[in-house]
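Contents: one structure, followed by commentary.
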Amino acid sequence: REVEVRYPEPRVLRLHLARVGGSQDADRARRVAVLSDITTERVQTEDRVESERIDSIVALAAGVAHELGNPLNSLTIHLQLIERRLKKMKEAREAAALGESLRICRDEVARLDGIISNFLGAIRPQPPDLAETDLGALVAEVLRVQHRELEDRRIAVEVETVPLPAVLADRNQVKQVIFNLTKNAMEAMQPGGSLRIRSRSDDDSVYLAFADTGAGIRAEDLGRLFQPYHTTKPGGNGLGLMIAQRIMRDHGGQVGIESKEGVGTVVTLQFPRRDRRARMLRG
Ligand code: ADP
Ligand code: MG
């Protein structure tokens, strides 16, 4: 039988009860109880089940995204045909109006194409291409891309990164993670909000924390954040955090989230230190 104890800390124990000695007399029978601590084993199984479930959903979504490629190609070709025909049209005014609609169609098709290739690029279960990486520089690169949007939303960004020990990371994948987190922070805040990005390290890990002054997360939603398609936004896809977690796990790291409704949210990325990782591999 497995028992869960909550005190002094939550643990899962396996209890074996065995009769010893030959006595058939119930009063005099002796029993041994063996308790083994199986907490780690249990946590690992739960983790594995969770990541297998995510893997299967991601595989499904990747299949759908891939299938969308063919009709999009066909749309592109036919739009080009229409464009060619249009150029030969006599009615100039009519042609101009149609040309404008056509341009919008082409832009939208290109946008869909972009969404799909970003999606596939982000979720493809590709092992990270690890290289020594300066996390501070990655943050700066992502913020440059988001500069306009941050300005439009009147969100102040404060970056306090200290010189960090090297981590091994896939630049593009980690940029994707940072992008997803800063985007979420922006979307959670009103104009005038502020995003603070800080880094630190200890003996084992390097941390990047993203603290926003946004709406925060309801306690009952905290457990669902990494589930694919969990979103509280009208136009959200609920994939950002799932992808972030997947990438961080592939890096041997983690994503931690703390939040207080009405106060803000802190999302922390934890990366294993390179020197530490090397020691682990050797040991
Ligand atoms: P999406 O952004 O498309 O909704 P995500 O996976 O990125 O999907 O986020 C899932 C949900 O987690 C969001 O809809 C939001 O409710 C919550 N969330 C994530 N980051 C934050 C944040 N910084 N502040 C408040 N809520 C957040
Ligand atoms: Mg998001």
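The values are calculated or read from the model by the stated rules, or taken from the named source; none is laboratory data. It should be emphasised that the depicted structure is a prediction, and the values quoted were computed from it without experimental measurement. For neighbour counting, all protein chains shown are included, and Cβ atoms are generated from backbone atoms with ideal geometry for every residue, glycine included. Accessible surface is based on the protein model in full, side chains and every heavy atom, while ligands, DNA and RNA are left aside. Shrake-Rupley method; radii C 1.70, N 1.55, O 1.52, S 1.80 Å.
The combined condition, being within 16 Å of ligand 2 (Cβ to nearest atom), open to solvent by less than 70 Å² (accessible area, probe 1.4 Å) and hydrophobic (A, V, I, L, M, F, W, C), is fulfilled by A185.
You will find that of P272, P234, P228, the residue that is within 14 Å of ligand 2 (Cβ to nearest atom) and over 12 Å from the mean Cα position of the chain (by Cα) is P234 and no other.
For I247, the conditions (1) of a type in the set (A, V, I, L, M); (2) over 14 Å from the mean Cα position of the chain (by Cα); (3) away from ligand 2 (no atom under 12 Å from the Cβ) all hold with the exception of (2).
Consider the stretch 212-248 and keep the residues that are more than 9 Å from ligand 1 (Cβ to nearest atom) and outside any helix (DSSP H, G or I). The one that is nearest to L181 (Cα to Cα) is T213.
The residues in the stretch 160-171 that are surrounded by fewer than 18 Cβ atoms within 10 Å (Cβ to Cβ) and part of a loop (DSSP other than H, G, I, E, B) can be counted, and the count is 5. Pairs meeting the criteria (first residue in the stretch 212-237 and more than 20 Å from T268 (Cα to Cα), second residue away from ligand 2 (no atom under 14 Å from the Cβ) and assigned to a loop (DSSP other than H, G, I, E, B), beta carbons under 9 Å, at least 6 apart or on different chains) are T232/R218. Of the listed requirements (1) within 16 Å of ligand 2 (Cβ to nearest atom); (2) over 19 Å from V139 (Cβ atoms), L241 misses just one: (2). Considering (1) among the β-branched types (V, I, T); (2) part of a strand (DSSP E or B); (3) away from ligand 1 (no atom under 13 Å from the Cβ), the lone condition that V174 does not fulfil carries the number (2).
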